[in-house]
Amino acid sequence: MGKQINLSLIGIFLLSFSIPVLSFVAIGRKLSVPSGLASSDVVDNDKKYMQDKLEQAKSNLLRLCSGESTPSSEVVKKQVQDLEQEAEQIGVGQCASLNGVLSGEWELVYSPEDITRSSPFFWAFQKAFPENSDQIFAITDVIPAPVKDVGPAIQYIDLDAKTFVSRVKVATLGGLATSLMTTRATIIGEEGFDGLRLKILSTKPEDSTVLQRLGPFGKLINENSPPFPSGEALERAVPGSSEVIMKTTFCDESIRISRNADQPEEPFVWKRLAFGSDNFEV
């Protein structure tokens, strides 16, 4: 039974490739109050200086992640660290699991591994099969473009409805076959100030171009075929493996930095596409 479940999980994986306190002294600056300038003006000026530094750190990170060439992980980690340090000094972007700013539509701009690994399904898969997952991932990761092309990756988060949807576009054969690998999860609770516990529910390739070529019949299959109950299968294989924790160490109106709690040293960088959930197609 365990082997059959394992094969089902491996099959759905392979299917995806076929179809605080404000500081008033800034580092390196010596504050003095010029004659005629109120101390409150100095505080305001210093706060603006620190806010400007944060905005610059955000711009630097987005520019780095959006460039034509893929930056090294060490360079990205340094930029992420700089941003988080600037944000912490002025109390911006923390406590993401306790405020509504995390809700919205997000597009991945940097992944430390293959883009598919931004999906919490793969976090859960690694949790369930720690010895085998790296070998399986290695097989698919080395497939070059245009045989396999991945991206964009979009996530939809609704803290009120407790829903989490991850979509990763996967194209094969030079774009002849594409699909959106969609993982749905429920938010079952908070973990501290910056963590959300997610429970994987299902995984399904949606909007398959192969099925679309079949006309109305293909559309009927595309829209009505049931998703694979990946969460249930994971639980049968290894109890508890369907639950993962996403830690968000920075989140504001434009950028989110999240991590798999089991690999906290590897940040995923996201840019916001929309607030709220009114326009989500989930």
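Within region 81-104, the set of residues being farther than 21 Å from Gln263 by Cα and either surrounded by fewer than 21 Cβ atoms within 10 Å (Cβ to Cβ) or of a type in the set (Ser, Thr, Tyr) (or both) comprises Glu88, Gln89, Ile90, Gly91, Val92, Leu98, Asn99, Gly100, Val101, Ser103. Here is the figure for region 108-131: residues that are under 22 Å from Ser72 (Cα atoms) and in a loop (DSSP other than H, G, I, E, B) total 5. Considering Phe24, Phe13, the condition of being out of contact with any Ser or Thr (no Cβ under 6 Å at 6 or more places or on another chain), modelled with pLDDT under 60 and more than 30 Å from Ala177 (Cβ to Cβ) is satisfied by Phe24 alone. Of the strands (runs of 3 or more DSSP E) entirely within region 156-250, those holding at least 2 residues that are surrounded by fewer than 18 Cβ atoms within 10 Å (Cβ to Cβ), modelled with pLDDT of 90 or more and β-branched (Val, Ile, Thr) occupy 177-191. Here region 27-66 is the region considered, the condition is being open to solvent by less than 40 Å² (accessible area, probe 1.4 Å) and of a type outside the set (A, V, I, L, M, F, W, C), and the residue that is modelled with the lowest pLDDT is Asp46. Among the candidates Ser258, Ser277, the residue that is of a type in the set (Gly, Ala, Ser) and either at pLDDT below 95 or in a loop (DSSP other than H, G, I, E, B) (or both) is uniquely Ser277.
The values are calculated or read from the model by the stated rules, or taken from the named source; none is laboratory data. Here the structure is a predicted model, which is why all the values come from computation and not from measurement. Neighbour counts run over all protein chains shown; Cβ positions are idealised from the backbone, glycine included. Calculation scope for accessible area: heavy atoms of the full protein, side chains included, ligands and nucleic acids excluded. Shrake-Rupley method; radii C 1.70, N 1.55, O 1.52, S 1.80 Å.
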